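The structure appears right after this line, and notes come after that.
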Amino acid sequence: MRLDKLIKRQHKLAQRVRIKKIHGTIQYIAGVDVAQKAELLFGCIGVFEFPSLYVVDEAFAQASSTFPYIPGFLSFREIPVIVKTYKKLRKKPDLILVDGQGIAHPRRLGLASHVGVMLGVATIGCAKSHLYGDYTVPRLGRGRYTYIRDGKKRIGIVLRTRKNVRPLFVSPGNLVDMSDCRNFVLASTTKYRIPEPLRYAHTMAREKARELGSVDRWSFYGTAARIV
DNA sequence: GCGACAG
DNA sequence: ATCTTGTCGC
């Protein structure tokens, strides 16, 4: 597969990424995640009131997976269904937590940044593991963190959201800065390692993948109904 | 050539 | 990510 074309597109889109501190109030914060079942992708978004973290809206959409998973090019696989899901939301969030990297990416365009540019919304990349950049392990305790670096450039943080639990790899997606990343990820994380909006989206996506993703039980029931 | 490698 | 039950540990 030829990726040089996609690499150029990433560099171009990366120029549209804006790293700046959030201004104004964040009333709604969302989490988006994608689950897979065979050749289908299920995107889900949960919108939470902030800082109460009450669920105020949610949406899901499905699409066939076309692009394969290739480290560094995850966004080309998930962007389609994510955009489709976002359009179905009635309450648009002021900030979205995305399951993946932000600018902590070889070309500064991880999934969160790509989503942020495409939707023109503030996003934060919240990955469960490392992809790019150098870092040292942060000391124990919720809130402790170290920077993810690319040479002398700080491109993200390795943040502990809970004590004695593996840290998260957080980085600016779009329209947020490094401090916003730490503040909002911690503010939306309660008793688990993963921020609530992301946990919600993840759970919802998996449920959709299970019920609608497997074989066509629909044709089965349809046949049964006709037989009976 | 070898190791790394989001979901 | 997905395939998958019970189980060791804070």
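The values are calculated or read from the model by the stated rules, or taken from the named source; none is laboratory data. Keep in mind that this is a model prediction, so the values were computed, not measured. Positions of Cβ are generated from backbone atoms using ideal geometry, with glycine treated the same way; all protein chains shown enter the neighbour counts. We work out accessible area using only protein heavy atoms, side chains counted, and drop any ligands, DNA or RNA first. Shrake-Rupley method; radii C 1.70, N 1.55, O 1.52, S 1.80 Å.
So the values come out like this:
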| quantity | calculated |
| --- | --- |
| Of the criteria (1) farther than 18 Å from A:D180 by Cα; (2) more than 11 Å from DNA strand B (Cβ to nearest atom); (3) open to solvent by 10 Å² or more (accessible area, probe 1.4 Å); (4) among the aliphatic types (A, V, I, L, M), which one A:I22 fails | (1) |
| Search result, residues across segment A:156-180 that are part of a helix (DSSP H, G or I) and farther than 18 Å from A:T136 by Cβ | A:S179, A:D180 |
| Residue identified as farther than 23 Å from A:G24 by Cα, crowded, with 20+ Cβ neighbours inside 10 Å and within 16 Å of DNA strand B (Cβ to nearest atom) among A:T161, A:T136 | A:T161 |
| Some residue of segment A:28-44 being within 16 Å of DNA strand B (Cβ to nearest atom), of a type in the set (A, V, I, L, M, F, W, C), farther than 22 Å from A:P197 by Cα and in contact (Cβ under 8 Å) with a residue 60 or more places away in the chain | yes |
